[in-house]
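Shown next, in structure tokens, is the structure this report addresses.
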Amino acid sequence: MSDKPIVITMGDPSGVGAEVTVKAMAGLSPAERARYAVIGDEDTLQRAIRACDLDLALRPQGSGPEAALQVIHVPVDGLPGTFGVLSEACGEASFQYINKAVELTSSGAASCIVTAPINKAALNAAGHHYDGHTGMLAHLTGCKSSWMLLASPTLNVLHVSTHVSLKDAITRATPERVLETIRVGHNHLRRMGLENPRIAVAGINPHCGEGGLFGSEDDKQIAPGVEMAKAEGINVQGPISADTVYHRANTGAFDLVIAQYHDQGHIPIKLIAFDTAVNVSLGLPIDRCSVDHGTAFDIAGSGKANHVNMLAALDYAGKLAAAKRKLAA
């Protein structure tokens, strides 16, 4: 574990982010809790603690009893003061929490970011027009490209494209983008300790086009990217029909599957690892991972939110921080 804290952004103040965060923190020992700092609204966190009936104290950054959870309070005017409300102010708060986290990680004051869920409608209502965390983080760090990895104990999926229409996803699956995605996945898994990652690339058409019968995109767009990656010495196969490749990876044949578009990658992960899959941003100069669920306005404030996915995200963040420390040694 890095000696720099892992910062947790609270997410939309009206959602379940505060709940899952305080539940996860309450279950840690004081020594473990000291590794983290939450960026958010102190009043919202206190309301979440009361809603969940937890014995958890908060402390301002750099002061207070060590057993208490460190909070980096970011004031935002107009927060509704209740859960489950779609609010422009909450969208602004979501952005400000993430912006603060990027500042801390970029300066080296924090080792990694773990993000609780935001609401895209609230974010856009506040004038921050991003498709979600990944695009926002790419913009804030000055990156032209970023990638979404969904990581679980038995299946890892990296996406060529995510929040675009299916029509645009097909257009974006160029040989160059496929090659870049393979490279990014290969480098990440090597950083995480796999010496020779086994990568499979999913086809974009049924049965990879069946020799052109169901489309030529796999032959013209996907296969050339795979071949270029092979020429660089990467252990990659594909395109492989998407109706079998995820099962093969989940049972141990591959360490990573390259999905061509959002639902092709998200559906298998959410089917087999709904509570344990972690969203990881790759291609950025900073490390970030996240829970893989939404704001759940319908249950926010009830104390019912399940924090298992937050624990999984914190565990992955610890591995990212350890990998960073090893690289710097």
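The values are calculated or read from the model by the stated rules, or taken from the named source; none is laboratory data. Since this is a predicted model, take the numbers as computed values, not measurements. For neighbour counting, all protein chains shown are included, and Cβ atoms are generated from backbone atoms with ideal geometry for every residue, glycine included. Quick note on the areas: whole protein, heavy atoms, side chains included, nothing else; ligands and nucleic acids left out. Shrake-Rupley method; radii C 1.70, N 1.55, O 1.52, S 1.80 Å.
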Problem set entry | Per-region count, segment 122-159, residues crowded, with 20+ Cβ neighbours inside 10 Å, more than 30 Å from LEU86 (Cβ to Cβ) and out of contact with any helix residue (DSSP H, G or I) (no Cβ under 7 Å at 6 or more places or on another chain) | 1
Exercise. When the residues of segment 1-43 are filtered to those that are more than 23 Å from the chain's Cα centre (by Cα) and in a helix (DSSP H, G or I), which remaining residue is nearest to ALA116 (Cα to Cα)?
Worked result: GLU42
For this session: Would you please name the residue that is modelled with the lowest pLDDT, looking only at residues in segment 275-300 that are outside any strand (DSSP E or B), of a type outside the set (S, T, N, Q) and open to solvent by less than 30 Å² (accessible area, probe 1.4 Å)?
Result: ASP292
Problem set entry | Residue that is surrounded by the most Cβ atoms within 10 Å (Cβ to Cβ), among those in segment 45-68 that are small (Gly, Ala, Ser) and on the phi > 0 side of the Ramachandran plot | GLY64
Problem set entry | Every pair of residues 6+ apart whose Cβ atoms lie under 6 Å, when the first sits in segment 166-187 and is over 21 Å from VAL236 (Cα atoms) while the second is polar (S, T, N, Q) | ALA169/SER161
For this session: Determine if segment 1-8 includes at least one residue that is buried (at least 19 other Cβ atoms within 10 Å of the Cβ), of a type in the set (Ser, Thr, Tyr) and closer than 29 Å to ASP298 by Cα.
Result: no
Exercise. Of the residues VAL71, VAL22, which is within 19 Å of HIS307 (Cβ to Cβ), out of contact with any Pro (no Cβ under 7 Å at 6 or more places or on another chain) and open to solvent by less than 10 Å² (accessible area, probe 1.4 Å)?
Worked result: VAL22
For this session: Mind telling me which of the residues ALA312, ALA321, ALA249 ends up being modelled with pLDDT of 95 or more, surrounded by fewer than 24 Cβ atoms within 10 Å (Cβ to Cβ), over 19 Å from THR134 (Cβ atoms) and of a type outside the set (Ser, Thr, Tyr)?
Result: ALA249
For this session: Show the residue pairs that are 6+ apart or on different chains and have beta-carbon atoms under 7 Å apart, the first residue being within segment 303-318 and in contact (Cβ under 8 Å) with a residue 40 or more places away in the chain, the second being surrounded by 18 or more Cβ atoms within 10 Å (Cβ to Cβ) and among the charged types (D, E, K, R).
Result: GLY303/GLU19; ALA305/GLU19; HIS307/LYS23; ASN309/ASP292
Exercise. Only one of LEU79, LEU58 is in contact (Cβ under 8 Å) with a residue 12 or more places away in the chain and under 24 Å from VAL308 (Cα atoms); which?
Worked result: LEU58
Problem set entry | Candidate set: segment 229-246, residues that are more than 26 Å from HIS163 (Cβ to Cβ) and in contact (Cβ under 8 Å) with a residue 12 or more places away in the chain; chosen: the one surrounded by the fewest Cβ atoms within 10 Å (Cβ to Cβ) | GLU232
Exercise. Out of segment 188-215, which residues are in contact (Cβ under 8 Å) with a residue 40 or more places away in the chain and over 16 Å from GLY265 (Cα atoms)?
Worked result: HIS188, LEU189, ARG191, MET192, GLY193, LEU194, PRO197, ARG198
Exercise. What are the pairs, 6+ residues apart or on separate chains, where a residue within segment 272-299 that is at positive phi has its Cβ under 8 Å from a residue that is buried (at least 19 other Cβ atoms within 10 Å of the Cβ) and assigned to a loop (DSSP other than H, G, I, E, B)?
Worked result: GLY283/SER146; ALA296/GLY15; ALA296/VAL16; ALA296/PRO117; ALA296/ALA305
Exercise. Which one of the conditions (1) open to solvent by 40 Å² or more (accessible area, probe 1.4 Å); (2) of a type in the set (Val, Ile, Thr); (3) within 30 Å of LEU314 (Cα to Cα) does THR162 fail to meet, given that it meets all the rest?
Worked result: (1)
For this session: Considering each residue of segment 264-291, count those that are closer than 30 Å to THR105 by Cβ and in contact with a Leu (Cβ under 8 Å, 6 or more places away or on another chain), and give that number.
Result: 15
Exercise. Under the condition of being in a helix (DSSP H, G or I) and within 28 Å of the chain's Cα centre (by Cα), which residue from segment 229-240 is nearest to GLN264 (Cα to Cα)?
Worked result: ALA229
Problem set entry | Test: ALA249 is on the phi < 0 side of the Ramachandran plot, without any contact (Cβ under 8 Å) to a residue 60 or more places away in the chain and small (Gly, Ala, Ser) | no
